[in-house]
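Below is one structure, written out as structure tokens; comments come after it.
The values are calculated or read from the model by the stated rules, or taken from the named source; none is laboratory data. The model shown is predicted, which means the values in this text are computed figures rather than measured ones. Note: ideal-geometry Cβ built from the backbone for every residue, glycine included; neighbour counts use all protein chains shown. Heads up: the accessible areas ignore ligands, DNA and RNA and are worked out on the full protein's heavy atoms, side chains in. Shrake-Rupley method; radii C 1.70, N 1.55, O 1.52, S 1.80 Å.
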Amino acid sequence: MDLDFGPAEEEFRTEVRAWLRAHVPAEPLPSLETADGFAAHREWERTLGADRMVAVSWPREYGGRGVSLLQWLVFEEEYYAAGAPGRVNQNGTDLLATTLFRHGTPEQLARILPPIAAGEVIWAQAWSEPGAGSDLAGLRSTATRTRGGWLLGGQKTWSSRAPFADRAFGLFRSHPEAGRHRGLTYVMFPLDADGLTVRPIGRLDGKPAFAELFLDEVFVPDEDVIGVAGEGWKAAMSTAGNERGLTLRPPGRFMASVDRLVELWRERADPSDTALRDRLADVWIRCQAYRLKGFETISREDDIGVEASLTKVFWSELDVALHETALDLLGTDGELTSPWLEGYVFSLAGTIYAGTNEIQRNLIAERLLGLPRGAR
Amino acid sequence: MKFVLDAEQRLFTDTLHALLTGADTARAVRAWAAGDTKPGRALWSALADAGVFALAVPEAHGGAGPLPVELVCAAEQLGRHAVPGPFVETLAAAELLGRLGDDPLAATWLPRIAAGEALVSLTLPPAVPYALDGDVADLVLTADAETVREATAHGGTASLDPSRRLLPVVPGEPLVTGAAAASAAAYDLGALLCAAQQLGLGRALLDVSVEYARTRQQFGHPIGEYQAVKHHLADVLVELEYARPLLFGAALAYRTPEFSRDVSAAKAAASAASYLAARVALQVHGAIGYTDEYDPSLWIRKVRALYSAWGSPASHRARVVDAL
């Protein structure tokens, strides 16, 4: 058992650190949940892509650097420590790509991944529907067979990044006679397709972080179906599993945030406020726990599977606690617009998306602890 | 980087778990509480044969250590099975004595600790003010930033955990002076091993609660079918699973400048996680968990006793913040 980085990691760290020092914008970019901010982040994604920094762990043939998971963790530590901009294409790099690596055809990998790695095509996800959030198997939007492909119909909602992204991926019911989890098809489609209306929805702070999609006979060719038509559930679950794992919230993000929180504590704290000091300590301890757990996860050779639910519950609660502590340190200034406030609003969604924490707790109880399934 | 136990460490852990599973430790706890230390002493001998105490003793004094990762593995299992006796204190005393070089005190006691022949109690005021089981220990030490002294324990105060007898001590003449580093190291190791013990207790309480929830029926269903119960138990698993890496991370920081900070992080997290496990265990078991006769109540009581032993959570949080 050890926590030592090897020469390969240290060398990579040095390279990444130097690159970030040369490229990270001096001024923070505007919020990526606004039109201007999205454009600026799109440009940053291209800058990353030009030097193969979008997805360093991908094979070189798809625009990555083929580095190990441990090196990827190092990259993320450096990335967040450098205060580099938020990633506008996380849906593409972490969700869609993971699914394609498991279920995509060679043609799809070659066609879809390089533009993501280059920062050229930004993806939105289209999972939820007005009647199907946590109960994703209750999807009602449809894919109807047509010559050479499928026609999509219905409505999606809470579609992250959809107001400004280029393309989207999601699940549609293609074989209505099959069971709830069966008969779903996983497709990719352009957001400017004929028959598609994108209506941005403001989130809690009013910024259009997601959208509703209205689909009326939107055509998707067969080549844009992921996996087997009617068996989209299986492919979707590999995406969701990954989303709950480490890639969506790499430990480096929390370590960088808590370092800034400690700085804020030094600047703003009343040292006699032991209640707030205790909360700072707990947040720091939990960030450290998350980081170490990440090292444990990548040291293991088996698939962590449903243990990703533990991760998801932990980081989502931690993210809220971290930002609440920051706002409380800011005191009466906590309500003013600031990066801490933006982070706080973002953190509030974490216990809801990627499967609510209640769903995760059911999975933990049933699959990790072996408790009986029952009526919900 | 390989932040998981290796095959040998896993085998050692599994061996201890198997040994203690077959040993009826609850009976030894009850006997210890009633003043009969024989079954507990027999457990200590078996653990010594498995190499547990030698892990804290330097090779020069007949030990195999110090091996902090293995010590954490062992303390976790001793906690999981609620082994009675001052083993954290004995192992911390080994750390203290091991730092004294070729002092006669070390030469006399370390080989006996390694062999499992000596129960040692230790106070490190103010954080560790009472000598645990000072009435049955073969040696009682008290140490501060200046001195290490032998001490005599008198009287005694009942703990919530009936197998923990806490005795005030009267310090004798100084045996060693200038012992600040040794005292600090003993405190850190003791706090780390107490945290490991807490994690083991928490795990045992989760296991027994899950088993109970699978079988106990109410309203015609096993209570483990209800989400209100499931979610409590899931939260316990999350807390325990994220406390454990802090313990091993701290063990790997042994003898580095970060050790104290990381020990405090681990102790605060293990206190919180095991306490949640105990509260949930009580809630899931209902009335039976609140009875003296039911063995898991021994675990529940020990959790609360250890919550503030070897430094309160608040003191450890303060130490973390001071180190940032």
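So which residues in segment B:247-258 are in contact with an Asp or Glu (Cβ under 7 Å, 6 or more places away or on another chain) and either facing another protein chain (nearest Cβ under 8 Å) or in a helix (DSSP H, G or I) (or both)? Spell out how you get there, then give the answer.
As a first pass, look at segment B:247-258 and keep what is in contact with an Asp or Glu (Cβ under 7 Å, 6 or more places away or on another chain): B:249-250, B:252-253.
B:Gly249, B:Ala250, B:Leu252, listed by residue number.
Given the structure, is B:Ala18 in a helix (DSSP H, G or I), open to solvent by 20 Å² or more (accessible area, probe 1.4 Å) and within 25 Å of B:Gly134 (Cβ to Cβ)? Lay out the reasoning, then the answer.
Values: in a helix (DSSP H, G or I): yes; open to solvent by 20 Å² or more (accessible area, probe 1.4 Å): yes; within 25 Å of B:Gly134 (Cβ to Cβ): no.
Considered against the rule, which asks whether it is in a helix (DSSP H, G or I), open to solvent by 20 Å² or more (accessible area, probe 1.4 Å) and within 25 Å of B:Gly134 (Cβ to Cβ), B:Ala18 comes out as no.
For residues in segment B:148-177 being open to solvent by 70 Å² or more (accessible area, probe 1.4 Å) and in contact with an Asp or Glu (Cβ under 7 Å, 6 or more places away or on another chain), which is nearest to B:Trp299 (Cα to Cα)?
Top of the filtered list is B:Leu175.
Tally up the residues in segment B:151-165 that are in a strand (DSSP E or B) and either touching a Leu at 6+ places or on another chain (Cβ under 6 Å) or in contact (Cβ under 8 Å) with a residue 60 or more places away in the chain (or both), please. So that I can check it myself, show each step before the final result.
So the first thing to find is which residues in segment B:151-165 are in a strand (DSSP E or B), and the list is B:151-153, B:157-158, B:165.
The next check asks that each one be either touching a Leu at 6+ places or on another chain (Cβ under 6 Å) or in contact (Cβ under 8 Å) with a residue 60 or more places away in the chain (or both); those that pass are B:153, B:157.
Qualifying residue count for the region: 2.
Determine which single condition B:Val238 fails, assuming it passes every other condition in (1) surrounded by 20 or more Cβ atoms within 10 Å (Cβ to Cβ); (2) at the interface with chain A (Cβ under 8 Å from one of its Cβ atoms); (3) under 12 Å from A:Pro372 (Cβ atoms).
Just one mismatch for B:Val238, condition (3).
Only one residue in B:Arg261, B:Arg244, B:Arg304, B:Arg319 is open to solvent by 20 Å² or more (accessible area, probe 1.4 Å) and either more than 14 Å from every other protein chain (Cβ to nearest Cβ) or among the polar types (S, T, N, Q) (or both). Which one? First the steps, then the outcome.
On the way: B:Arg261 fails: either more than 14 Å from every other protein chain (Cβ to nearest Cβ) or among the polar types (S, T, N, Q) (or both); B:Arg244 fails: either more than 14 Å from every other protein chain (Cβ to nearest Cβ) or among the polar types (S, T, N, Q) (or both); B:Arg319 fails: either more than 14 Å from every other protein chain (Cβ to nearest Cβ) or among the polar types (S, T, N, Q) (or both).
None of the others qualify; the one that does is B:Arg304.
Based on what the data block shows, is A:Arg286 at pLDDT below 95, facing chain B (nearest Cβ under 8 Å) and open to solvent by 40 Å² or more (accessible area, probe 1.4 Å)? Even if it seems obvious, please write down each step before you answer.
Numbers: at pLDDT below 95: no; facing chain B (nearest Cβ under 8 Å): yes; open to solvent by 40 Å² or more (accessible area, probe 1.4 Å): yes.
When the stated conditions are applied, A:Arg286 does not pass them.
Given the conditions (1) away from chain A (no Cβ under 14 Å); (2) surrounded by 18 or more Cβ atoms within 10 Å (Cβ to Cβ), which single one is not true for B:Phe12?
Exception for B:Phe12: condition (1).
Identify the single condition in (1) under 23 Å from B:Val263 (Cβ atoms); (2) open to solvent by 40 Å² or more (accessible area, probe 1.4 Å); (3) of a type in the set (A, V, I, L, M) that B:Ala115 does not satisfy, given that it satisfies every other one.
The one condition B:Ala115 does not meet is (1).
Where residues in segment A:73-114 are aromatic (Phe, Trp, Tyr) and open to solvent by 30 Å² or more (accessible area, probe 1.4 Å), which of them is nearest to A:Phe210 (Cα to Cα)?
Looking only at segment A:73-114, we keep the residues that are aromatic (Phe, Trp, Tyr), and these are A:75, A:79-80, A:101.
Next, from what is left, pick out any that are open to solvent by 30 Å² or more (accessible area, probe 1.4 Å): A:80, A:101.
Working: A:Tyr80: 24, A:Phe101: 26 Å.
Only one residue fits best here, namely A:Tyr80.
Restricting segment A:197-211 to residues that are in a loop (DSSP other than H, G, I, E, B) and aliphatic (A, V, I, L, M), which is least open to solvent (accessible area, probe 1.4 Å)?
Step by step, filter segment A:197-211, then rank; the result is A:Ala209.
Could you go through segment A:23-38 and let me know if any residue there is closer than 21 Å to A:Leu96 by Cβ, more than 14 Å from every other protein chain (Cβ to nearest Cβ) and modelled with pLDDT of 95 or more.
yes
Here are some conditions: (1) closer than 20 Å to B:Ala195 by Cα; (2) assigned to a helix (DSSP H, G or I). B:Ala42 meets all but one. Which one does it not meet?
Status for B:Ala42: all satisfied but (1).
Exactly one condition in (1) in contact with a Ser or Thr (Cβ under 8 Å, 6 or more places away or on another chain); (2) free of Cβ contacts under 8 Å to residues at least 40 places away in the same chain is not met by A:Thr274; state its number.
Unmet condition: (1).
Is it the case that B:Leu96 is part of a helix (DSSP H, G or I) and either open to solvent by less than 60 Å² (accessible area, probe 1.4 Å) or under 18 Å from B:Gly65 (Cα atoms) (or both)? Break it down into steps so the answer makes sense when it comes.
Working: part of a helix (DSSP H, G or I): yes; either open to solvent by less than 60 Å² (accessible area, probe 1.4 Å) or under 18 Å from B:Gly65 (Cα atoms) (or both): yes.
Answer is yes for this residue.
Yes/no matrix, rows are residues, columns are (1) part of a helix (DSSP H, G or I); (2) at pLDDT 95 or above; (3) within 14 Å of another protein chain (Cβ to nearest Cβ):
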| site | (1), (2), (3) |
| --- | --- |
| A:Val262 | yes, yes, yes |
| A:Arg266 | yes, no, yes |
| A:Asp270 | no, no, yes |
| A:Ala281 | yes, yes, yes |
| A:Ile298 | yes, no, yes |
| A:Asp302 | no, no, yes |
| A:His323 | yes, yes, no |
| A:Leu329 | yes, yes, yes |
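Would you confirm, using the coordinates I've provided, whether B:Leu67 is over 26 Å from B:Thr37 (Cα atoms), open to solvent by 10 Å² or more (accessible area, probe 1.4 Å) and not charged (D, E, K, R)?
The answer is yes for B:Leu67.
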